[in-house]
Amino acid sequence: MLTKKTLVMLSTLTLVTTCVAFSTPTTEAAAKDTYSQKIETKAEARPTLRKGSHSSYVKDLQQSLKDVKYNTSVDGIFGTQTQNVVKEFQTDHSLSPDGIVGPLTWAALDENKVERKQFPVSTAITFGKKELGDNIVFSTDDRLRKDNNDKAYYRFVAKNKDWMDQGGSGTIGWYHIYKNGDVIEASN
């Protein structure tokens, strides 16, 4: 017969083993979670900025927007231009376009910088040429956007070189080219 002390020890051991078994994520998932936590922690450490803010954080914000291909000056003053560019960025990343830079916008900016390194425009063009052919010229504003499912893509206009050589616009359509290689025709 088991003693009360043995039963308590077995129950505790079972509980600890169960917790460890269920809390051990896969290596890839753990790495992603750690990466996401670092971005969120960094984002939360920065102040919320809005129109009228003046600081080195505003300069950092403006430089970050410029780094991810949004046209803004870097003067440390959060004016109407900066607010409008922040709203564009927020819209492109499925965030509420309120023009206020809080933890979600900071995190999206940080993540966008990392994703741009992993998925540059040149890679997107390679995917586009593979799908649509080498006779296509692509142009984009170089902004890496997010769709409603949080998947990264660039928006391109594709033009046929032969049509352009014959004096036409050459435009065959607008395309979203995704990080996973999907090339999807979009309405302008």
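Annotations
- Hits in segment 78-103 - residues which are touching a residue at least 40 places away in the same chain (Cβ under 8 Å) and aliphatic (A, V, I, L, M): Ile100, Val101
- For Asp75, the stated conditions do not hold, so it cannot be described as within 30 Å of Ser56 (Cβ to Cβ) and either in contact (Cβ under 8 Å) with a residue 24 or more places away in the chain or open to solvent by 80 Å² or more (accessible area, probe 1.4 Å) (or both).
- Every listed requirement among (1) assigned to a helix (DSSP H, G or I); (2) open to solvent by less than 70 Å² (accessible area, probe 1.4 Å); (3) more than 20 Å from Lys51 (Cα to Cα) is met by Asp162 save one, (2).
- Filter pass, Asp134 being in a loop (DSSP other than H, G, I, E, B), among the acidic types (Asp, Glu) and free of Cβ contacts under 8 Å to residues at least 60 places away in the same chain: yes
- Hey, Lys117 among the basic types (Lys, Arg), farther than 30 Å from Gly170 by Cβ, free of Cβ contacts under 8 Å to residues at least 24 places away in the same chain and open to solvent by 20 Å² or more (accessible area, probe 1.4 Å) or not: yes
- Test: residue in segment 49-65 that is crowded, with 20+ Cβ neighbours inside 10 Å and assigned to a loop (DSSP other than H, G, I, E, B): no
- Candidates Asp98, Asp150 - the one that is open to solvent by 60 Å² or more (accessible area, probe 1.4 Å), at pLDDT 95 or above and not in a helix (DSSP H, G or I): Asp98
- Residues satisfying the criterion are absent from segment 83-92 (criterion: modelled with pLDDT of 95 or more, touching a His at 6+ places or on another chain (Cβ under 7 Å) and surrounded by fewer than 16 Cβ atoms within 10 Å (Cβ to Cβ)).
The values are calculated or read from the model by the stated rules, or taken from the named source; none is laboratory data. No experiment lies behind these values; they were computed from the predicted model shown. Every residue, glycine as well, gets a Cβ built from its backbone with ideal geometry; the counts of neighbours run over all protein chains shown. The accessibility values were calculated without ligands, DNA or RNA, using every heavy atom of the protein model including side chains. Shrake-Rupley method; radii C 1.70, N 1.55, O 1.52, S 1.80 Å.
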